[in-house]
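To keep things clear, I will list the structure first and then write my remarks on it.
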Amino acid sequence: MGDTGQPRNAVRSDGGLRIYRCVMVATGLVAAVLFAAMAMLVCLDVLLRNAGIMSIPWSVEVTEYMMIIAAFLAAPWLVYTNDHIRVDILLRGLPAGARRVFAIVGDAICLLICLALAAQSIASMLDSAAQGGLVFKVLVFPDWWLAIPMVISFILLSIEFLRRMACHALGRGEA
Amino acid sequence: MDWHSALTILLGVLFVLMLAGVPVAFAFLGVNLLGAWFFMGGEAGLGQLVRNSIQSVGSFSLTPIPLFILMGEVLFHTGVAYRAINAVERLIARVPGRLSIVSVIGGTVFATLSGSTIANTAMMGGTLLPEMLKRGYKPSIAMGPIMAVGGIAMLIPPSALAVMLGSLAGISISRLLIGGIIPGLLLAVFFVGYVVARCKLDPSLAPADSPGQGVSGWKKWKPFVCDVLPLFGIFVAVVGSMLVGWASPTESAAIGAVASTVATVCYRAFTWRAFYKALMETARISVIILFVLIASTTFSQLLSFSGATTGLLQLIGQYGLSPLWLVLGMLAILLLLGCVIDQVSMMMITLPFFMPLASAAGIDPVWLGVMLLLAMEIGLLTPPFGLLCMVMQSVAPNHIRLTQIYGSVLPFIIIELLVLGLILLLPWLAVGLPQLMA
């Protein structure tokens, strides 16, 4: 689980890939900034409340939305950096050719899963938008907004798994 | 479909996908898609799956996961934690296996400031291991304590995984965090005892320091007073704010994260570059955990909808097992699972069964929670999927083989099993402090 921020054999000279890498790292950066903002917001709320000045009524709700956005948005970045947890005890003992086949099959399965969830989350979001439902807590807004991070996440995940599959199929080593 | 077939299909597909190298989170998502279609009403089930996934991480009680991790990462990347370890090293002199003891005590100190087992092991492995090997320590006595003490961060508050366990299992998070203190310290004491005894019996394991090495008087104590004691202020802020009721356990994590950052500023160690690294690492570790959580939340619903949870609980109920046997069974399952899968997945697969069983048998949830944490902590060390063994491999010199890493941690796994047995026989070790707190 290295903190390299990029795969080992990435072709850095290619402008398109560089932009793609920037998008991936940016999703991780958004999560990082949200976690920092979360710490400051909650701490400020505790300080103001215990000092008897005021309480920030929307702090809990906003923190929850920050968690949703961070967890979904940064997931593609972790696939890009190969950091999601894998159980590779069986695969490690296989010869290189068989490992490559498993990598392609594994990426294809993940691609199908992500495409299905991207389609389902888009359908669910459009359905919510059509019904015109609202989230009624301290903040009030259309509830389809909550599905946006999931939609973005699974679209980016689908693209990333497609890229990985192509890299493995073309024999570019670790995608 | 009967519950046996449903359970076999759900767990079978999950394990096949995991063993085929599909990332754990995506293996859960794949099973969820199939299960939602078959057991939750087709199209409607898939819609429910999307809503579950969004709601799973939108919970305030989960926010300590990134915040406790941030605490440790900030201290780690700014170098403040290294200064604390160096200060501890100066205090310990003339004992067999001195640097191994430093790693245990330093790691325990860092565990009170960090909620991340990975940060703990990476830091101790990166700093103390090269020094130990240079001074002629055998790898077996150099690496084992570092990995073992890494797991203590999972027990001693702040602990990101304890928060997750408490949140998922419906156990009071503050009581669970406080309940982990005595077992965590007990482990540290046993680890030190083992290192001293082993090095006394076989002095070749850890060569003694050359005479005249080290300092005395104020020079010896100054780094401890300046670099370690003030850091305990962070621990006091986290645990104290919870105990006096100024902040909830969730909010205390934010206080800890901000206090750690303020501490690095006070030590003039804060740099934007280090802070960026700490934040990115926090995002990386936290999202790994949170995304497995997103992916596996629907899994427990599927077990329930398919009748697998009720069926299995009824089957176990027929045997009329005593609470002690039930707990032993749960711990055995976790210890076995710990050899092959990660801690978050272990929780997601087992808690839907364990918690109703424990509740029906009248088992104290804090006592059970602390033991589950310890059993999962052992899973961090057991081959072949011991996460901390892999972290050690990534920071150890190239000539160290994975088998040496596994061998070095074995005595410490036995010690942890011993402590687990002690808590099983003496529940006060886990529930004593939370009861005093109440």
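The values are calculated or read from the model by the stated rules, or taken from the named source; none is laboratory data. The shown structure was predicted, so the numbers you read here are calculated from the model rather than taken from an experiment. Don't worry about glycine lacking a Cβ; one is built from the backbone with ideal geometry, like all the others, and counts go over all protein chains shown. Just the protein is used for accessible areas: all its heavy atoms, side chains included, with ligands, DNA and RNA removed. Shrake-Rupley method; radii C 1.70, N 1.55, O 1.52, S 1.80 Å.
A few comments on the model shown:
- Sulfur and carbon atoms: percent of accessible area, the protein assembly as shown [1.4 Å]: 69 percent
- Surface calculation, 1.4 Å probe, protein heavy atoms: B:His399 sits at approximately 130 Å² accessible.
- Residue with peak Gaussian network fluctuation, chain A [Cα springs, cutoff 10 Å], from A:Ala37, A:Ala118, A:Ala103: A:Ala37
- For segment B:370-438, the gyration tensor built on C-alpha atoms gives a prolate shape. Its axis ratio a/c (a ≥ b ≥ c) is at least 1.5, and a/b is the larger of a/b and b/c.
- Across segment B:312-323, computed HN-Hα scalar couplings (Karplus, 6.51 cos²θ - 1.76 cosθ + 1.60, θ = phi - 60°) run 5, 5, 5, 4, 5, x, 4, 7, x, 5, 6, x Hz from first to last residue, x flagging Gly and Pro.
- Built amide H within the under 5 Å cut-off of A:Leu134, gap 5+: A:Asp143
- Ranked by how many other beta carbons lie within 10 Å on average, peptides B:286-293, B:264-271, A:155-162, B:385-392 from highest: B:286-293, B:385-392, A:155-162, B:264-271
- Most mobile of B:Cys199, B:Cys339, B:Cys226 in a GNM of chain B (Cα contacts under 10 Å): B:Cys226
- Ordered from largest to smallest accessible area (heavy atoms of protein chains, 1.4 Å probe), the residues B:Lys200, B:Lys220, B:Lys138 come out as B:Lys200, B:Lys138, B:Lys220.
- Tensor-based shape of the protein assembly as shown (alpha-carbon gyration tensor, a/c under 1.5 rounded, otherwise prolate or oblate): rounded
- Dipole of the protein assembly as shown, positive end: most advanced residue of B:Gln404, A:Ala32, B:Val327 [Cβ charges, Cα centre]: B:Gln404
- Across peptide B:24-35, the average count of Cβ atoms from other chains found within 10 Å of a residue's Cβ is 5.
- Counting Cβ atoms of other protein chains within 10 Å of each Cβ in B:54-63 and taking the mean gives 6.
- Taking chain B as a Gaussian network of alpha-carbon nodes connected by springs under 10 Å, the highest mean-square fluctuation of the residues B:Ile316, B:Ile173, B:Ile118 belongs to B:Ile316.
- Per the accessible-area calculation with a 1.4 Å probe, the total area buried between chain A and chain B rounds to 5100 Å².
- The mean number of partner chain beta-carbon atoms within 10 angstrom of a residue's beta-carbon across peptide B:44-52 is 4.
- Rounded, prolate or oblate (a/c below 1.5 giving rounded, otherwise prolate when a/b exceeds b/c) for segment B:88-140 by Cα gyration tensor: oblate
- Per-residue ³J(HN,Hα) for segment B:183-189, Karplus 6.51 cos²θ - 1.76 cosθ + 1.60, θ = phi - 60°, Hz, x for Gly and Pro: x, x, 5, 4, 4, 4, 4
- Whole-Hz ³J(HN,Hα) from phi, Karplus 6.51 cos²θ - 1.76 cosθ + 1.60, for segment B:145-160, glycine and proline x: x, 5, 5, 5, 6, x, x, 4, 4, 7, 9, 7, x, x, 9, 5
- Accessible-area rank, largest first, for A:Trp145, B:Trp428: B:Trp428, A:Trp145, with all protein chains present and a 1.4 angstrom probe.
- Solvent exposure of segment B:214-344, expressed per residue, is 44 Å² of accessible area, with all protein chains present and a 1.4 angstrom probe.
- Long-range amide H partners of A:Arg86 with built H, under 5 Å: B:Val24
- Debye equation applied to the C-alpha atoms of segment B:253-347, log10 I(q)/I(0) at 0.15, 0.21, 0.24 Å⁻¹: -0.83, -1.14, -1.25
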